[in-house]
1. Give segment 211-248 a look and list any residue that's more than 23 Å from His153 (Cα to Cα) and either of a type in the set (Ser, Thr, Tyr) or at pLDDT below 90 (or both), or say none.
2. Mind listing whichever residues of segment 125-146 are out of contact with any Ser or Thr (no Cβ under 7 Å at 6 or more places or on another chain) and not small (Gly, Ala, Ser)?
3. Checking Met1 against (1) modelled with pLDDT of 95 or more; (2) surrounded by fewer than 19 Cβ atoms within 10 Å (Cβ to Cβ); (3) over 25 Å from Pro229 (Cβ atoms): exactly one of these is not met. Which one?
4. Can you report the number of residues in segment 211-242 which are under 19 Å from the mean Cα position of the chain (by Cα) and in a helix (DSSP H, G or I)?
5. Which of the strands (runs of 3 or more DSSP E) found entirely inside segment 96-175 contain at least 2 residues meeting this: touching a Phe, Trp or Tyr at 6+ places or on another chain (Cβ under 9 Å) and either within 21 Å of Ser74 (Cα to Cα) or at pLDDT below 95 (or both)?
6. Determine which member of the set Leu156, Leu143, Leu128, Leu160 is of a type in the set (A, V, I, L, M, F, W, C) and under 15 Å from the mean Cα position of the chain (by Cα).
7. Of everything in segment 31-48 that's out of contact with any Gly (no Cβ under 8 Å at 6 or more places or on another chain) and β-branched (Val, Ile, Thr), which residue is surrounded by the most Cβ atoms within 10 Å (Cβ to Cβ)?
Amino acid sequence: MNRPAEPLRCLLLQVRDPGDPMGPHEITSFLRVLQPLVVDISVFDLLGRALVRRDLAGVDFVLMGGSGDYSAASTDPWLERALDSLREVHASGVPSFASCWGFQGMAAAMGGEVINDRGRAELGTHDLVLTPAGRADPLFRTLGSAFKAQLGHEDLVQTLPPRTTLLASSARVPNQAYRFDDAPIYCTQFHPELDVAGIHTRFAAYPRYVEVVAGATLDEVSSGMEETPLANGLIRRFVDLHVTGKSG
């Protein structure tokens, strides 16, 4: 009789307050898009302490997601400790996928520039286009030349870090996805882990954020949302390419 495969070990780096309901929701969202892979997700709290190399022992891959109330453009003391943790992830060589705050945090950690620009905020479903490098990239080329994705941000990466390649842009924000050229790390401003139900739940948890940033009600933002199956397949394909080696 065949024994069931051992679950893959994933470390999810979070920047969220205790009791934030979007912490568990984020785990559920990642597990959904990783199906049918069996994955054991453990959470590392970047607000609590700095990550060190032993925290990555036995980890197959790292995920970095959103942040609730915390900004990668902050000057608060917690941020530099968190960025040190992301530098450790980069140096470790462990395959990693970063979305939203993780996208911004990795950029800030590795020499890019992150700014707050509410005038270029993007909430809900948006159109993105691949760069020539994105169309040739083993992971992103499955998206075609253009695709839709779920977004929710007012911070953005103004300047990419050195030794990265831009993969996707939107009409409002040029830097929407990049990969590191010297590490197995992909980063997206958009949320490949969220479908329409997921992004609606996320916005419903922070209704004032939607009203202040978008200048619209949750219902108004929700009315323009569409499903994003191509973007939702990215993280599973990333694991296939860089962790299990099951996809070429």
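1. Across segment 211-248, the qualifying residues are Thr244, Gly245, Lys246, Ser247, Gly248.
2. Here is the first cut: in segment 125-146, the residues out of contact with any Ser or Thr (no Cβ under 7 Å at 6 or more places or on another chain) are 132, 134, 136-146.
Across segment 125-146, the qualifying residues are Pro132, Asp137, Pro138, Leu139, Phe140, Arg141, Thr142, Leu143.
3. Of the numbered conditions (1) modelled with pLDDT of 95 or more; (2) surrounded by fewer than 19 Cβ atoms within 10 Å (Cβ to Cβ); (3) over 25 Å from Pro229 (Cβ atoms), the odd one out for Met1 is (1).
4. 13
5. Numbers: elements: 96-99, 113-116, 122-130, 146-153, 155-159, 164-170.
Filter on segment 96-175 gives 96-99, 122-130, 146-153, 155-159.
6. Values: Leu143 fails: under 15 Å from the mean Cα position of the chain (by Cα); Leu128 fails: under 15 Å from the mean Cα position of the chain (by Cα); Leu160 fails: under 15 Å from the mean Cα position of the chain (by Cα).
Exactly one residue qualifies, and that residue is Leu156.
7. So, considering only residues that are out of contact with any Gly (no Cβ under 8 Å at 6 or more places or on another chain) and β-branched (Val, Ile, Thr), the one surrounded by the most Cβ atoms within 10 Å (Cβ to Cβ) is Val39.
One line per residue, one yes/no per condition, for (1) in contact with a helix residue (DSSP H, G or I) (Cβ under 6 Å, 6 or more places away or on another chain); (2) among the charged types (D, E, K, R); (3) buried (at least 22 other Cβ atoms within 10 Å of the Cβ):
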| residue | (1), (2), (3) |
| --- | --- |
| Pro174 | no, no, no |
| Ala177 | no, no, yes |
| Asp181 | no, yes, no |
| His191 | no, no, yes |
| Val196 | no, no, no |
| Ile199 | no, no, yes |
| Pro207 | yes, no, no |
| Val212 | no, no, no |
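The values are calculated or read from the model by the stated rules, or taken from the named source; none is laboratory data. Small disclaimer: the values here were computed from a predicted structure and weren't measured. Here Cβ is always computed from backbone atoms with ideal geometry, including for glycine, and neighbour counts include all displayed protein chains.
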